[in-house]
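Here is the structure we will look at.
The values are calculated or read from the model by the stated rules, or taken from the named source; none is laboratory data. Everything numeric in this text was worked out from a predicted model, so none of it was measured. Please note: Cβ atoms are built from the backbone with ideal geometry, for glycine as well, and neighbour counts cover all protein chains shown. Side chains are part of the model used for accessible areas, which takes the heavy atoms of the whole protein and leaves out ligands, DNA and RNA. Shrake-Rupley method; radii C 1.70, N 1.55, O 1.52, S 1.80 Å.
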Amino acid sequence: MNRTKLIALLLIVALGGCSDSGTVPTGNPADLLNPEMRGYEAPAGVMMGLNETPYWVQSAVAGFRPVKPSGLPGKIEELKSRASCTFDSPGPNEILAKVQVDGSNTKSAVFAVSRHQMGERTKTYIDNLKAGRDIVPFNARDDRLGIVDVIVTEKSKPVYLVIAYNLPTIFNIQLAEGARISRIALVGLGAAGIANAHPAVKIQSLTGKAMQSCGVLPVREPADHWQFVQNVKQTPSLKDVLDKNISMYRVFSGWYRKNFGVASGVDSIGAMTASHVLVGPIPQALEARVTFKPLEGSTLLLSKNDHVFAGEQADYEKKYTHVIIEAATKMAGGDLAKLMPAQ
Amino acid sequence: MNLLKIIFIGLIAVPVVGTILLQFFSSVLVFGVAHNISSEIDRIEQRGKADSAFAADLEITGTKAGNDDKAGYVALASFEKLDDYRSVNASFYVRLKDMLDAGEIVPEKELVSAFVTARTSRFADAECELLKKSLAAECTVYNSAATATNNGLVRISVGLNFVQKSDFGTIKAKDRAAYVEIEERLTGSTPDTVSFSGGAIFRSSIYEQAVKLCDKIRTFEGNCAIFKVLITTALSEQSGSAQNMRATAILSTIEAL
């Protein structure tokens, strides 16, 4: 990270901590975009708009404040995944908004893990013991859902919001006065959630195993500024990997077109990782900004998960490390010491 | 000595004694760590090198593979010790239900992989006991793994190091000798079809055969060491009921020239 980026980031952090959240930071938010292997990494405070255009989040949101590690949703309800691989097409009175991110670096206090993942971790723990290492393989960060604020300022027509993602993420809806969301389609791998959506909004989700069974992966279109694409230019032997990515993107985009009538890549909103995305224009006056709704106290609709935990990371680690040790003990027939190699 | 003197001496003595103790413990710690590292380096360097004390007065040919000693020769030269190179590798199928304790039920599918990985240790330990019946005086497990299949079976593979039970014998040569490895198939030209429940009896007979083969070589050459036994398995066409097993042994001897 260069000096300009560092100063700008410090400014963001400082402003984020201020109670006067009406201030829009000065400087160019593009200076903060970090080109990573698969596109831009936008830090908290930088909001990604159409075709990777960055803005300060405060320019569209009033009362914005960074996520509190302890900020818990008020209620968690199950968001059922579709059994079918098809979605309703957009109607003539709707405007389609295509949001696509791999994930977010802003983390929530919500953790989700499947029984399958816990089974794999239990096996790895047993393998570790057999090799003489009493190490429980547990990285709570992998199970922690990121948060992306989806700020909707589009008022010309009701918005049909299609959100594609790769990593476990909660999409926190921030709706401007006068804007309307008609439907939300959520497609991606891993756990996902929608917070602060109006109860009347129809949400269709295709996540986890159901998504995998459709034979498509939500891959974004490789672009020239991706480090990975630059690496291929310098190391032509990597071209096969890039071609494979392009091919996966085309499959996804073809599926997307079949469902929503357009390719996934063109005029999409997002980045590799982003904490806020903007659907619609930047409000012309500060008074017209969207009032920020935090995850804290909201109703969170969360995809079906075997284990969901909301709270401190240390408590989560403690609880699920214990679950793994208990399962391993049972699998070993009651005595883990017998798995360890003889001295 | 007045109180002031005691306090003064105390103030001086605490850091001095503390420093001396710290240096002492540091030396012990450093020496201990250095000693461990040094013995580990020695151990690594010894891999691939036969014990030079073995048959030191003989000129033995055929012991080298490139610049290193052959693994079989390294193992032979350490006949009475557990050696990483001297091993039994056996693969076989068992029924998943045969891994359960009495009254236990098959775990949920997400934990089956963890279950078979854990329970394989028992099978590996049991294999060591099987080996000790005929072939080994000592045995340790260095590896065990398992994969559950969709048809209620589990493929187990175990790796064991051992010390041979029968004597090595004597080297007949006076001055010059050759190191020779003999590879023998212990099953027929086609694999033996073995039931899942009969696997242990089959493998036990393989270990006995390896011992007998070594006894036979010893009667001609005066000496013999079992270097490796390899048992492999594949599901037979009637995969619900049996497995096809093959076995090979590699034996080594020092022949007089």
Quiz item: B:Ile217 fails exactly one of the following numbered conditions: (1) under 21 Å from the mean Cα position of the chain (by Cα); (2) open to solvent by less than 50 Å² (accessible area, probe 1.4 Å); (3) closer than 19 Å to B:Ala247 by Cα. What is the number of that condition?
Solution: (1)
Exercise. Quick one: in the range A:169-190, of everything that is open to solvent by 10 Å² or more (accessible area, probe 1.4 Å) and under 16 Å from the mean Cα position of the chain (by Cα), which residue is nearest to A:Val219 (Cα to Cα)?
Key: A:Leu189
Exercise. Answer yes if at least one residue in the range A:255-263 is under 29 Å from A:Leu79 (Cβ atoms), surrounded by fewer than 20 Cβ atoms within 10 Å (Cβ to Cβ) and within 14 Å of chain B (Cβ to nearest Cβ), and no otherwise.
Key: no
Quiz item: List, please: which pairs have Cβ atoms under 7 Å, are six or more places apart or on different chains, and start with a residue in the range A:307-322 that is acidic (Asp, Glu) and end with one that is assigned to a helix (DSSP H, G or I)?
Solution: A:Glu317/A:Ala140
Exercise. Please find, within the range A:307-343, the residue that is farthest from the other protein chains (Cβ to nearest Cβ) out of those that are open to solvent by less than 70 Å² (accessible area, probe 1.4 Å), in contact with a strand residue (DSSP E or B) (Cβ under 9 Å, 6 or more places away or on another chain) and in a loop (DSSP other than H, G, I, E, B).
Key: A:Gly311
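Let's see how each residue does on (1) without any contact (Cβ under 8 Å) to a residue 60 or more places away in the chain; (2) farther than 17 Å from B:Gly159 by Cα; (3) of a type in the set (D, E, K, R):
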| site | (1), (2), (3) |
| --- | --- |
| B:Ile182 | no, yes, no |
| B:Ile217 | yes, yes, no |
| B:Asn223 | yes, yes, no |
| B:Val229 | no, no, no |
| B:Ala242 | yes, yes, no |
Quiz item: Only one of A:Thr291, A:Thr235 is out of contact with any Lys or Arg (no Cβ under 9 Å at 6 or more places or on another chain) and either open to solvent by less than 30 Å² (accessible area, probe 1.4 Å) or in contact (Cβ under 8 Å) with a residue 40 or more places away in the chain (or both); which?
Solution: A:Thr291
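Could you tell me whether A:Glu296 is within 14 Å of chain B (Cβ to nearest Cβ) and of a type in the set (Asp, Glu)?
Values: within 14 Å of chain B (Cβ to nearest Cβ): no; of a type in the set (Asp, Glu): yes.
The answer is no for A:Glu296.
Name the one entry in A:Val136, A:Val101 that is of a type in the set (Val, Ile, Thr) and within 14 Å of chain B (Cβ to nearest Cβ).
Values: A:Val101 fails: within 14 Å of chain B (Cβ to nearest Cβ).
Unique residue meeting the criteria: A:Val136.
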Self-check item: Hits in the range B:186-208 (condition: among the hydrophobic types (A, V, I, L, M, F, W, C) and open to solvent by less than 30 Å² (accessible area, probe 1.4 Å))
Solution: B:Leu186, B:Val194, B:Phe196, B:Phe202, B:Ile206
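Conditions tested, residue by residue: (1) exposed (fewer than 12 other Cβ atoms within 10 Å of the Cβ); (2) of a type in the set (S, T, N, Q).
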| position | (1), (2) |
| --- | --- |
| A:His198 | yes, no |
| A:Val216 | no, no |
| A:Ala223 | no, no |
| A:Phe228 | no, no |
| A:Asn245 | no, yes |
| A:Arg250 | no, no |
| A:Ser253 | no, yes |
Practice problem: Please specify each residue of the range B:155-185 satisfying the condition of being open to solvent by 50 Å² or more (accessible area, probe 1.4 Å) and under 14 Å from B:Val229 (Cα atoms). | Solution: B:Glu181, B:Glu183, B:Glu184, B:Arg185
Exercise. Just give me the residues in the range B:113-145 being facing another protein chain (nearest Cβ under 8 Å) and open to solvent by less than 10 Å² (accessible area, probe 1.4 Å), in sequence order.
Key: B:Ala114, B:Phe115, B:Thr117, B:Ala118, B:Arg119
Quiz prompt | Search result, residues across the range A:102-111 that are open to solvent by less than 10 Å² (accessible area, probe 1.4 Å) and either in a strand (DSSP E or B) or without any contact (Cβ under 8 Å) to a residue 40 or more places away in the chain (or both) | solution = A:Gly103, A:Ser108, A:Ala109, A:Val110, A:Phe111
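Quick test for you: out of A:Lys123, A:Lys130, pick the one residue that is crowded, with 17+ Cβ neighbours inside 10 Å, within 14 Å of another protein chain (Cβ to nearest Cβ) and without any contact (Cβ under 8 Å) to a residue 24 or more places away in the chain.
Values: A:Lys130 fails: without any contact (Cβ under 8 Å) to a residue 24 or more places away in the chain.
Criteria check complete, one pass: A:Lys123.
For the range B:99-112, indicate whether the set of residues that are within 14 Å of chain A (Cβ to nearest Cβ), open to solvent by 30 Å² or more (accessible area, probe 1.4 Å) and touching a residue at least 12 places away in the same chain (Cβ under 8 Å) is non-empty. Before the answer, list the steps.
We begin by selecting, within the range B:99-112, every residue within 14 Å of chain A (Cβ to nearest Cβ); these are B:99-112.
From the residues that got through so far, the ones that are open to solvent by 30 Å² or more (accessible area, probe 1.4 Å) too are B:100-106, B:108-110.
Those left that are additionally touching a residue at least 12 places away in the same chain (Cβ under 8 Å): none.
There is no residue in the range B:99-112 that is within 14 Å of chain A (Cβ to nearest Cβ), open to solvent by 30 Å² or more (accessible area, probe 1.4 Å) and touching a residue at least 12 places away in the same chain (Cβ under 8 Å).
Counting only residues that are assigned to a strand (DSSP E or B) and among the polar types (S, T, N, Q), which one in the range A:271-296 is farthest from A:His198 (Cα to Cα)? Don't jump to the end; show me each part of the working.
Of the range A:271-296, the ones assigned to a strand (DSSP E or B) are A:273, A:276-279, A:290-291.
Imposing the further condition that a residue be among the polar types (S, T, N, Q) reduces the set to A:273, A:291.
Numbers: A:Thr273: 25, A:Thr291: 15 Å.
Filtering first and then ranking leaves A:Thr273.
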Exercise. Among the residues of the range A:41-84, count how many are buried (at least 17 other Cβ atoms within 10 Å of the Cβ) and either among the charged types (D, E, K, R) or in contact with a Cys (Cβ under 6 Å, 6 or more places away or on another chain) (or both).
Key: 3
